[in-house]
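Everything on this sheet refers to the single structure shown next.
Each reported figure results from applying straightforward, stated rules to the coordinates on display, with no laboratory input. No experiment lies behind these values; they were computed from the predicted model shown. Every residue, glycine among them, receives a Cβ derived from its backbone with ideal geometry; neighbour counts consider all protein chains shown.
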């Protein structure tokens, strides 16, 4: 019985170490437009903003805007190029939209309010790397490509609090036997 308990403790430690590694990576939150945000009130070059970023799997794209006057649509490359808002993959309307990148690829967003895309309120996000939040040798989940989540001001605290809850649950279940 003592060997079985020791083996279980070792298993829990190994699982928790892997869990810590997978959540403790270098994921970054990128606020589109930085302090300007997502707007047409000032002339902002979102293409230039995205060009100097190195987006990776696990990173978060944050769109902050006045929801009375703007939205965010994820579209195809063709619709992005022509500013065609008739068939978006997804439309975000909260004014504080967080999108977690789940796999490498090319993502196109614009504001679907008439005239805004034509004025330059569009961004092209190229995700070409895996961040260290994905363990070496592992690949991200194949679907979905991006996940929208509520936008807590401190995403790290949310992850940290959930991680602590999992640790406590595992330890309690270990000692319950």
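Summary of values
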| item | result |
| --- | --- |
| Cα gyration tensor shape for segment 29-113, rounded if a/c is under 1.5, else prolate or oblate | rounded |
| Gained length - residue 128 relative to residue 52, 0.36 nm times residue gap less alpha-carbon distance | 26.1 nm |
| Gain on full stretching of the segment that runs from residue 118 to residue 81 - 0.36 nm per residue minus C-alpha separation | 12.4 nm |
| Contour minus Cα-Cα distance for residue 31 and residue 89 (0.36 nm per residue) | 18.8 nm |
| Part-to-part distance (alpha-carbon centres) for segment 71-88 and segment 94-115, which is given in Å | 10 Å |
| Within segment 26-43, backbone nitrogen closer than 12 Å to the virtual label 7 Å beyond the Cα of residue 96 toward Cβ | none |
